[in-house]
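The structure appears below as structure tokens.
No lab work stands behind these numbers, since they all come straight from the coordinates. Everything numeric in this text was worked out from a predicted model, so none of it was measured. Here the Cβ positions follow ideal geometry from the backbone for every residue, glycine too, while neighbour counts run over all protein chains shown.
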Amino acid sequence: MSDDTDLDISFTIDSDSISLSPIGRYLVLDIRGPVVDVGDASYRVVPVGEEDEQSEDVRELGVDDIRAALEELSNNDAFQSIVDNCPTNTPLVYDDIDYLTRHLPTKALQKCQELSESTPFDKELLLQVAYVERQHSLVGHSDNVLEYYLEQRDEIASALQGSDDIGGEIERAFFSYLLLASALIEELTTETVLNELFREETRFHSIAEYVRSMGHAKRLETLSEIQMLTGGDYGDLKDVKDRRNNLVHDAQKRAGLDGLESRRDVAQVLEKTDRCASVLLTLSGKHIEPIIAKRGCSAYLNHAQGEAIADTIETWKHENGERLSTLRDCERATLEAIR
């Protein structure tokens, strides 16, 4: 169907207003002896050309020995305890090591010092490696998916605006977009359930496995039950999941974009899906750093406090229905006046 009208597509997610924190890694290099690169820092494990406090056994370690020693840390209970206490990301205004040394629990830092004394590795190096391991232990990896999602979103928007009708190119681009959007929403939902609902319990492997085994629908339902998702957002997110399933499992619907007949119809689905992803980006904290950087702490604190007050009111309503009923029937004051 031909459609030569101008098409204005307005997305909720601004590529410049989100925080993309790529997962780190560490490398063991041979630069006149073993050197470990992790993040923006480099650590020489075996000093060169000088006397030091390291034992002769340590001074004779080679690159392969250091790699093996780092791999063995995964079987060390003390090191795993440090990993479990590491955050999954750090604010961009901090160097990783500064944030880790300032904000990790004292017991974790003490374990790190003790482990440093029994291994060839400096305390800071152990913290950096533990932080990388923590990032890689995440159930969700939404940052990488988010990057691909934004690229695909902009690609199909350009294709829609540059064509007069819905052809095969737009159908394929829309299907790819919907798959990425669904994957992003599922990753963000998983991370939010883990990081918010099971704050301390996520340290236990059994809880992580439980969240892994939950279906996406159950995770959305859980966020709705604890009032992190409003009824409207919950329904919209379910719609995204249902549309994705329809297109995946029905080739005929996929070819016809599940009943979308015009470029405007497709654009409206793109906008609605993008709003859904934005809701979960906010819940997962991806918007926090840019808000603070652009507007200062007060804007974010005011927003957070407002959300906390709203949640408290809703909880009080739920738990005190009978008392509320009495207040509504009160002749001298209404509930709004009392507020």
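Values computed for the structure shown
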{"item": "Fewest-first sequence of Met214, Met228 by Cβ atoms within 10 Å of each Cβ", "result": "Met214, Met228"}
{"item": "Residue exposure sequence - Lys123, Lys107 - by fewest surrounding Cβ within 10 Å", "result": "Lys107, Lys123"}
{"item": "Inter-label distance, nm, simple model (7 Å from Cα along the C-beta direction), Ser163/His136", "result": "4.1"}
{"item": "Relative packing of peptides 166-175, 126-135 - highest average C-beta neighbours within 10 Å first", "result": "126-135, 166-175"}
{"item": "Lys218 versus Asp64: modelled label distance in nm, points set 7 Å from Cα along the beta carbon direction", "result": "4.7"}
{"item": "Label-point gap, in nm, between Glu117 and Glu71 - each point 7 angstrom along Cα→Cβ", "result": "3.0"}
